[in-house]
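A quick write-up on the structure given underneath.
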Amino acid sequence: MLYLSRVGVCLLALSATLLSACATADKPPVAAISTANVATAQGATWKSVPTQVVSAGGVDFAYRELGQKNAGTSVILLTHLAAVLDNWDPRVVDGIAAKHHVVAFDNRGVGASTGSPANTIEQMADDAITFIKAKGFKQVDLFGFSMGGMIAQEIVLKEPQLVRKLILTGTGPAGGPGISTVAGVSNYDLLRATFTGQDPKQYLFFTRTPRGIEAGKAFLKRLQERTQNRDKDIAVGAYVAQLQALSAWGQKRPADLSVIKQPALVANGDDDRMVPTSNSHDLAKRLPNAQLVIYPDAGHGGIFQYHEDFVPKALAFLAN
């Protein structure tokens, strides 16, 4: 198990507290989870779809789903460090859900999901598999962003028959350069954002060019479109556990990704500070059936900055 000093844990806890404070600024209080019937979600959008719960493996998983009437393979969304359901870009989710059944969920011990948070990517993958099977899916497409892309890799390695296609964005392979130091980058930008009165994602996800700054502002505005029944923010302990998982993943011996035969779409910005863009290039080379998209003047959140281009590319990839 990864060892963190007491001082280190305190600093991470402080950063997580700051993260929560920034994320909840000017945001209405968290409402109770809706357990409305799936049918009420038909025709809904990401800003209004109800949150539901499915119980499996001793965990109550909070999730939202859209596009249930769409035929074909369902798309499971796997999210990033410190993220809850409300961190997904509505333009991306609604765009994919226009053609596909889309399901996003909170990891164990994160947001409104119960249980103790996992501190390894492997355990997060096991939990995701538990959720997928609890929902009754025999095969799914996986769309992982950042840490979610790492979880997706573990899922397909563990149970390849469960996965049809992979969308891997802002992510990289185990042992990739810079992945083990995500905590340092994240905590530095969390503190920087606090002192400048900005949301940390403005620094973490976007470049500091005029184009990147404006894209960040637009993205953060979209994240606030849902005004009722919002998810719970990540707890300090869950944030620390995720940082432990990322550190261990970054130091892990690279897996043999040549065994993954599923088609993969790999995407990122050309200036990713969190998971350096070189990891996306490496990941695409390691996967035998991958295509790579790199967006200019874009950072970790390149797919959100270029959502008008990314969504059609993702839909075309899933349709082929």
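Just to be sure I understand: of the beta bridges DSSP finds with both ends in the chain, what percent are antiparallel, rounded to 5? Once the DSSP bridges in the chain are tallied, antiparallel ones form about 30 percent. Give the cross-link partners of LYS201 among the lysines, using a straight C-alpha distance below 18 Å as the criterion and excluding same-chain residues fewer than 8 apart. LYS201 reaches LYS27, LYS217, LYS221, LYS232.
Under Stokes-Einstein, with the Kirkwood radius over Cα pairs as Rh, the value for the stretch 194-320 at 4 °C and 1.567 mPa s is 78 µm²/s. Identify the residues of the stretch 55-93 with backbone N under 16 Å of a label point that sits 7 angstrom from the Cα of SER48 along the Cα-to-Cβ direction, or state none. Answer for the stretch 55-93: 65-68, 90-91.
Of all stretches in the chain that contain no trypsin sites (Lys or Arg not before Pro) in a DSSP loop with at most 14 other Cβ atoms within 10 Å, the longest one is 139-207.
If I take every Cα pair under 8 Å that is 6 or more residues apart in the chain, average their sequence separation and divide by the length, what percent do I get for the relative contact order?
22 percent
Look at the dipole of the chain built from charges on Cβ: of VAL275, TYR295, ALA128, the Cα furthest out on the positive end belongs to ALA128.
When each full DSSP H helix of the chain is screened for a Cα extent of at least 24 Å along its own axis and an average Kyte-Doolittle hydropathy of at least 1.6, the helices passing are 6-24.
Can you show me the helix-derived [θ] at 222 nm for the chain, built from DSSP H runs with n ≥ 4 at -39,500 (n - 2.57) apiece and divided by the number of residues, rounded to the nearest 500. So the helix-based figure for the chain works out to -12500 deg cm²/dmol. Karplus-based coupling profile of the stretch 109-115, in residue order and whole Hz: x, 10, x, 8, 7, 8, x, with θ = phi - 60° in 6.51 cos²θ - 1.76 cosθ + 1.60 and x standing for Gly or Pro.
Legend: calculated FRET efficiency, PHE137 to LYS261, from the Cβ-Cβ distance at R0 = 25 Å, rounded to 0.05, equals 0.80.
No lab work stands behind these numbers, since they all come straight from the coordinates. All figures in this text were calculated on a predicted structure; none of them were measured in a lab. Quick reminder, even Gly has a Cβ in these numbers, built from the backbone with ideal geometry, and neighbours come from all protein chains shown.
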